[in-house]
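Visitor: The structure's right below; bear with me while I get my questions together.
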Amino acid sequence: MDIIHLLPDSVANQIAAGEVIQRPASCLKELVENSLDAGAKHIDIIIRDAGRTLLQVIDDGSGMSPTDARMAFERHATSKIREAADLFNLRTMGFRGEALASIASVAQLEVLTKTKDDEVGTLLEIAGSQVLKQEVVQCPTGTNFKVKNLFFNVPARRRFLKTNSTELRNIINEFYRIVLVNPQVSFTLVNDDELLFDLSASSLKQRIDSVFGKSIRKGLASQLVDIKAETSVVSIYGYIGKPEFATKQAQQYFFVNGRYMRHPYFHKAIMTAYSGMLTADQQPHYFIYFSLSPELIDVNIHPTKTEIKFADEQMIWQILQAALRESLGKFNIVPSLDFDREGDLDIPSYGGHNIGSVETPQVRVNPQYNPFTEHAKRANTDNWQTLYSGVQNPTDAATYPIDTPQANDEAVLFDDSLLQATPSQYKDKYILLPCQSGLMIIDQHRAHTTILYKQLREQMSTKKAVKQQVLFPEVLDLSAEDSQLLIQMTDELNSAGFDITQIARNSFSVDAVPAELGNNNALAVLLDIIHSAEETGIGTKEQWEHRIALSLSESAAIPAGKTMQEAELRDLVGRWAELHDKTFTPAGKRIFAVISDESILKLFS
Ligand code: ADP
Ligand code: MG
């Protein structure tokens, strides 16, 4: 008996949908890419319940004839390629002809479409691959696509969806990847009746700014420099972040021929160009656009994958590397006025210099706090302009014999004599302390950060964090994306001493802050925490607590630039010496170093 038979189309399409349409965000991507392929100049996106109940895309593109509208939902139906050779000369986003068939098999669809040559348009209703209705209607030129109740007939898929806030975040990320490479097209995005984005057609730089300017990264454009390379093989253009604006949660985008891509190898090229300018946990912003002949890339990999193969990656790596160096190097002739840098500090100076009161270590507060510039000061970026101009960095560690202590030296280093010695302060930033084997140099900010971190973690685990009510509750207005994150973190933040309540969709009231923090930079610290969450996504409770405690302690710790009296220095050294791990901060930064007696002798030989 023969047992093999062909699957009905509806089943085959559902199987394909399992791969192409994994979540609302992938469905939206397919719809918007179709609109772009249809030459749309304006695209409205309307979603409900993070796309679960409604994903609607309205474009002013070419529209479809009645027959094409019907055909579009057949598997392998496409207007974009005709033969295999076309695959290697792709100029459209789509080409597989399977997205609409897939969507139609797992949702209820309503499509209105009209070409400019037709008087009237077509209305189509489809559910689970079945055409329910096809009518002639009046409608504007273009296509209006409604996807309702995604996965209505695939409960297993529906159950796999994450919370609305996560799905919305995925949608917004997908949206970024599209709008950042189509600045000539205007977009709106409405979620649950709220206008999240309203982007007019603009230059690329303006687009970058209007996408991120709405969120807390105000004025991203001013932190960027151009990058440009024209060769016969590839042209590269775009923007890279000035090193001092590098951050834990950088915006990093590669695009090739109008398509977002991930490219770990080219990412490495960027990190190489920046090496020496950033600390381990810092990443530069970048928006880099490659354009090259379609024959030289292969996008014919899986539709949901964003990796793209290039014919000669090594050569492009070289070109990219040269362009990066040129941009970073060229920039060194620009006066450093706009850097807002202070002296040669390489760690945060939260409060600046000239602090009057010195009784107890006080949190110095900067009302102009800006997470970007503060991050900047944390970075070792001060010499970056000279890196590519052949000038020797005078503070290069190699010039001075600094010995980094090994773990087994610690017993020798931390004997009682250390606490007897008289500490002194160097450049309002380091504590100098004679020790058995030489001269110990302790970074005051890092030592204090580590002390506070330990204290905070203990308070958080026993829920004994000390809250300080604020007189005038601060209101925090966030981007949609950041609001979702904050909602998920509220419990942990509140156990660390905050008192945060959501007052409107993207608005939060901060009624109390951890007592250590003082009032004024509470908001900045909160934003910092949200940023670092953005980068790593939703982690475990332990990861949250670590990040929260780290941000709080970094911002509450005695800053570099604060003059300290001997008693304060002794107190700090004493508390630091009691720590279990004295060598590194919880962020992995070195707290102290020793210049050995031998090294000092050598200096005078
Ligand atoms: P692909 O994009 O790979 O061709 P799809 O299944 O996404 O496959 O779309 C099938 C076809 O439907 C497209 O090739 C195009 O001709 C037509 N189409 C889809 N969306 C639109 C739209 N918004 N405007 C005009 N035509 C469209
Ligand atoms: Mg398509």
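Visitor: I need the calculated FRET efficiency for the pair Q252 and M1, taking r as the beta carbon distance and R₀ as 45 Å, to the nearest 0.05. Write out the running numbers ahead of the final one.
Guide: On the way: r = 58 Å, r/R0 = 1.28.
Computed FRET efficiency for Q252 and M1 comes out at 0.20.
Visitor: Another question, if that's okay. What is the calculated FRET efficiency for Q565 to E295, with r their C-beta to C-beta distance and R₀ = 60 Å, to the nearest 0.05? All intermediate terms of the calculation are to be shown ahead of the outcome.
Guide: Details: r = 70 Å, r/R0 = 1.17.
Efficiency, rounded to the nearest 0.05: 0.30.
Visitor: Shifting gears a bit: Using amide H atoms built in the peptide plane, which far-off residues or other-chain residues are under 5 Å from M261 H to H?
Guide: Here the answer is F254, F255, V256, since their amide H atoms fall under 5 Å of that of M261.
Visitor: Now for a different question. Pull up the cross-link candidates among the aspartates and glutamates for K562, meaning alpha carbon to alpha carbon under 14 Å and not fewer than 8 places away within one chain.
Guide: E342, E359, D428, D443
Visitor: Can you work out the Karplus-derived ³J(HN,Hα) for every residue in region 190-195? Use 6.51 cos²θ - 1.76 cosθ + 1.60 with θ = phi - 60°, whole Hz, and x for glycine or proline.
Guide: Going residue by residue, I get 10, 10, 6, 6, 10, 6 Hz, with x marking Gly and Pro.
Visitor: How long is the gain from L439 to R158 if the chain were fully straight, where each residue apart is worth 0.36 nm and the alpha carbon distance is subtracted? Before the final figure, lay out the partial values.
Guide: Details: separation 281, 0.36 × 281 = 101.16 nm, distance 6.35 nm.
Length gained between L439 and R158: 94.8 nm.
Visitor: For region 120-133, what does the Karplus curve 6.51 cos²θ - 1.76 cosθ + 1.60, with θ = phi - 60°, yield as ³J(HN,Hα) per residue in whole Hz, taken in order and with x for Gly and Pro?
Guide: 10, x, 10, 10, 10, 10, 9, 9, x, 6, 8, 7, 8, 7
Visitor: If you don't mind, another one. Quick one: which of K116/K205; K242/K305; K29/K148 span more than 24 angstrom between C-alpha atoms?
Guide: K116/K205; K242/K305
Visitor: Let me ask something else about it. State in Å² the accessible area per residue of region 202-288; use a 1.4 Å probe, count heavy atoms of protein chains only, and round to the nearest integer.
Guide: On the way: 3000 Å² over 87 residues.
Normalised by residue count, the accessible surface of region 202-288 is 34 Å².
Visitor: From largest accessible area down, sort D511, D477, D597; use a 1.4 Å probe on the protein chains.
Guide: On the way: D511 35, D477 110, D597 75 Å².
From most accessible down to least: D477, D597, D511.
Visitor: Can you compute the FRET efficiency between K116 and K80 using 1/(1 + (r/R0)^6), with r the Cβ-Cβ distance and R0 = 22 Å? Round to the nearest 0.05. Mind showing how you got there, number by number?
Guide: Numbers: r = 19 Å, r/R0 = 0.88.
With R0 = 22 Å, the Cβ-Cβ based efficiency is 0.70.
Visitor: Per-residue HN-Hα couplings for region 456-468, Karplus 6.51 cos²θ - 1.76 cosθ + 1.60 at θ = phi - 60°, whole Hz, x for Gly and Pro?
Guide: 5, 4, 5, 5, 5, 6, 9, 6, 10, 4, 8, 8, 10
Visitor: Run the quick spin-label model on A280 and A515: label points 7 Å from Cα toward the beta carbon, then report their separation in nm to one decimal.
Guide: Label at A280, label at A515, 3.4 nm between them.
Visitor: Further, regarding this structure: By how many nm would the segment from S599 to E307 grow when fully extended, if each residue of separation counts as 0.36 nm and the alpha-carbon distance is taken off?
Guide: Values: separation 292, 0.36 × 292 = 105.12 nm, distance 5.06 nm.
100.1 nm is the gain from fully extending S599 to E307.
Visitor: Check cross-link reach from K268 to the aspartates and glutamates: straight Cα distance under 13 Å, and skip same-chain residues fewer than eight apart.
Guide: Filter leaves E313.
Visitor: How many percent of the accessible area of region 467-605 is carbon or sulfur, using a 1.4 Å probe?
Guide: Working: 3010 of 5640 Å².
After summing per-atom areas, the C and S share lands at 53 percent.
Visitor: Then there is this: Modelling each spin label as a point 7 Å along the Cα-to-Cβ direction, I'd like the K463/D198 distance in nm, to one decimal.
Guide: Rounded to a tenth, the inter-label distance reads 4.4 nm.
Visitor: Give me the net charge of H263's neighbourhood, meaning all other residues with Cβ under 11 Å from the Cβ of H263; Lys, Arg count +1, Asp, Glu -1. Present the calculation step by step, with values, prior to reporting the outcome.
Guide: Values: positive: R262, K268, K309; negative: E307, E313.
So the surrounding residues net to +1.
Visitor: What are the lysines whose alpha-carbon lies under 19 Å from the alpha-carbon of K464, with same-chain residues fewer than 8 places away excluded?
Guide: K454, K541
Visitor: Can you pull the percent of region 47-197's accessible area that's carbon plus sulfur, 1.4 Å probe, other chains left in place? Before the final figure, lay out each step's value.
Guide: Values: 3510 of 7040 Å².
Within region 47-197, the accessible surface is 50 percent carbon and sulfur.
Visitor: Moving on to the next point. Quick one: which residues, 5 or more positions from C435 or on another chain, have an amide H under 5 Å from its amide H? H modelled 1.01 Å from N in the peptide plane, none for Pro or chain starts.
Guide: Excluding prolines and chain starts, which carry no amide H, the hits are M440.
Visitor: Starting from the 7 Å offset along Cα-to-Cβ, what nm value, one decimal, do you get for the label separation of F472 and A421?
Guide: 4.8 nm
The values are calculated or read from the model by the stated rules, or taken from the named source; none is laboratory data. Remember, predicted model here, so these are calculated numbers, not experimental data. Using ideal geometry, Cβ is built from the backbone for each residue, glycine included, and neighbour counts are taken over all protein chains shown. These accessible areas exclude ligands, DNA and RNA; they are computed on the full protein's heavy atoms, side chains included. Shrake-Rupley method; radii C 1.70, N 1.55, O 1.52, S 1.80 Å.
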